[in-house]
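The values are calculated or read from the model by the stated rules, or taken from the named source; none is laboratory data. For clarity, every value in this text was computed on a predicted model and none was experimentally measured. Cβ atoms come from the backbone with ideal geometry, glycine included; neighbour counts cover every protein chain shown. Side chains included, ligands, DNA and RNA excluded: accessible areas come from the protein's heavy atoms. Shrake-Rupley method; radii C 1.70, N 1.55, O 1.52, S 1.80 Å.
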Amino acid sequence: MKRIGMLTSGGDCQGLNAALRGVAKALYEEFGKEVELYGIHDGYRGLIEGDYQKMQPENFSGILTHGGTILGTSRQPFKLMRVIGDNKVDKVEAMKATYAKMKLDALVILGGNGTHKTANLLSQEGLNVVTLPKTIDNDLWGTDVTFGFQSAIDIAAYVLDCIHTTATSHGRVFIVELMGHKAGWLTLHAGIAGGADIILIPEIPYRLDSILSTLNKRGRQGKEFSILAVAEGALSLEESKLSKKEFKQARANMAEPSVAYRLANEIGEKTGQEIRVAVPGHFQRGGSPCAYDRVLSTRFGTEAARLIKEKKFGQMVALQNGKMVDVPLSEVAGKLKTVPKDSEIIRSARDLGICMGD
């Protein structure tokens, strides 16, 4: 009898349930009654506290199109995994103890960057781990794309489509703040798809003068409205020159709630125009997965099942050049995939006349 544990960790996104379904159905198909699946509740918290349940085949029925995660999720910062808090719990040892108590043959983990750091840690501690790459930010190293990314693009692009109509009607400048603290993949793709005039991402520090120049140019062309797609992690050229500590302090002292609102104030003061800010926030990671993510999540899930069958552990399932591959966790953990400044998609955006803020 094979006993497989499953957990989803970090922020939720579209496709988690589809991926769980893919893993489960492929394992049931391969091993039949000779496999037992256990769902661990709320990510690593459940593994630490021993909060889990035995799953049945029917638990994975009808969830292909459902957003969120049937197992629940939580954020357990990697930097605190080795820190023993007031409750005196050694989190790493607790997770290993739960794994042993459950008599697991393998643990399937679905998550993003922080999740993969802990997954690699558990693999190094001797647990049989297989992971799936999940994040709407698409910033996980080793895979061309993560599941949840395309669904978030579709939502963010729809928001921009809707903003276009009201911005055109009122002749206003709209700033749409999209998710992406350290990587601008989502804002870049959604901005191009949604026809944004200015796209600001963390990888390319912006100059206010460049933004104002673009707005003035559009005004001279008789275009009374403009759309800015701004990643929540966008930063000015001046901020990019600060140390990490100085940057955190500067942001902590910022009067506005986010960079989008700061830009709105700065642009409004310089131009006298009426500026509006829209923040779709968690809409971007909610709702049903798009068809692309349903297929991708399912492919990731069935590939994870194959790795378990072959006892190939310590690996992340990935998509590279259209093919399913596996990448060692040791190569994935701690590496961020950001948008290259000289990438083809950046060049394409510039060729369209989109201002990137620099």
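The residue of the stretch 52-67 that is farthest from Ala19 (Cα to Cα), among those that are out of contact with any Ser or Thr (no Cβ under 9 Å at 6 or more places or on another chain) and buried (at least 16 other Cβ atoms within 10 Å of the Cβ), is Met55. Of all residues in the stretch 115-138, those satisfying the criterion of being part of a helix (DSSP H, G or I) and within 21 Å of the chain's Cα centre (by Cα) are Thr115, His116, Lys117, Thr118, Ala119, Asn120, Leu121. Could you check the stretch 266-312 and list, in sequence order, the residues that are in a helix (DSSP H, G or I), within 28 Å of Ile155 (Cα to Cα), open to solvent by 70 Å² or more (accessible area, probe 1.4 Å) and modelled with pLDDT under 95? Within the stretch 266-312, His282, Phe283 meet the criteria. The residue of the stretch 174-218 that is farthest from Pro280 (Cα to Cα), among those that are in contact with a Ser or Thr (Cβ under 8 Å, 6 or more places away or on another chain) and among the β-branched types (Val, Ile, Thr), is Thr214. Here Asp42 meets each of (1) among the acidic types (Asp, Glu); (2) out of contact with any strand residue (DSSP E or B) (no Cβ under 9 Å at 6 or more places or on another chain); (3) surrounded by 18 or more Cβ atoms within 10 Å (Cβ to Cβ) with one exception, condition (2). Only one entry of Thr146, Thr135, Thr168 meets the criterion of being in contact (Cβ under 8 Å) with a residue 24 or more places away in the chain, among the β-branched types (Val, Ile, Thr) and over 15 Å from Pro289 (Cα atoms), and that entry is Thr168.
Each row is one residue, and each column tells you yes or no for (1) open to solvent by less than 40 Å² (accessible area, probe 1.4 Å); (2) among the aliphatic types (A, V, I, L, M); (3) closer than 30 Å to Val23 by Cα; (4) modelled with pLDDT of 95 or more.
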{"site": "Val130", "(1), (2), (3), (4)": "yes, yes, yes, yes"}
{"site": "Lys134", "(1), (2), (3), (4)": "yes, no, yes, yes"}
{"site": "Asn138", "(1), (2), (3), (4)": "yes, no, yes, yes"}
{"site": "Phe147", "(1), (2), (3), (4)": "yes, no, yes, yes"}
{"site": "Asp161", "(1), (2), (3), (4)": "no, no, no, yes"}
{"site": "Ala167", "(1), (2), (3), (4)": "yes, yes, no, no"}
{"site": "Glu177", "(1), (2), (3), (4)": "yes, no, no, yes"}
{"site": "Leu186", "(1), (2), (3), (4)": "yes, yes, yes, yes"}
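In the stretch 316-327, what residues are open to solvent by less than 60 Å² (accessible area, probe 1.4 Å) and either hydroxyl-bearing (Ser, Thr, Tyr) or in contact with a Ser or Thr (Cβ under 9 Å, 6 or more places away or on another chain) (or both)? Once the filter is applied, which keeps residues that are open to solvent by less than 60 Å² (accessible area, probe 1.4 Å) and either hydroxyl-bearing (Ser, Thr, Tyr) or in contact with a Ser or Thr (Cβ under 9 Å, 6 or more places away or on another chain) (or both), the stretch 316-327 yields Met316, Val317, Ala318, Leu319, Met324, Val325, Val327.
Scanning the stretch 75-90 for residues that are open to solvent by 40 Å² or more (accessible area, probe 1.4 Å) and either more than 24 Å from Asp12 (Cβ to Cβ) or in a helix (DSSP H, G or I) (or both) gives Phe78, Lys79, Leu80, Arg82, Val83, Ile84, Asp86, Asn87, Lys88, Val89, Asp90.
Within the stretch 96-154, being acidic (Asp, Glu) and at positive phi holds for no residue. Whether any residue in the stretch 310-329 is under 20 Å from the mean Cα position of the chain (by Cα), under 18 Å from Gly191 (Cβ atoms) and among the hydrophobic types (A, V, I, L, M, F, W, C) is what I want to check. No - not one qualifying residue is present in the stretch 310-329. When Glu58, Glu36, Glu93 are checked against the criterion of being in a strand (DSSP E or B) and acidic (Asp, Glu), Glu36 stands alone in meeting it. On inspection, Glu224 does not qualify as free of Cβ contacts under 8 Å to residues at least 12 places away in the same chain and outside any strand (DSSP E or B).
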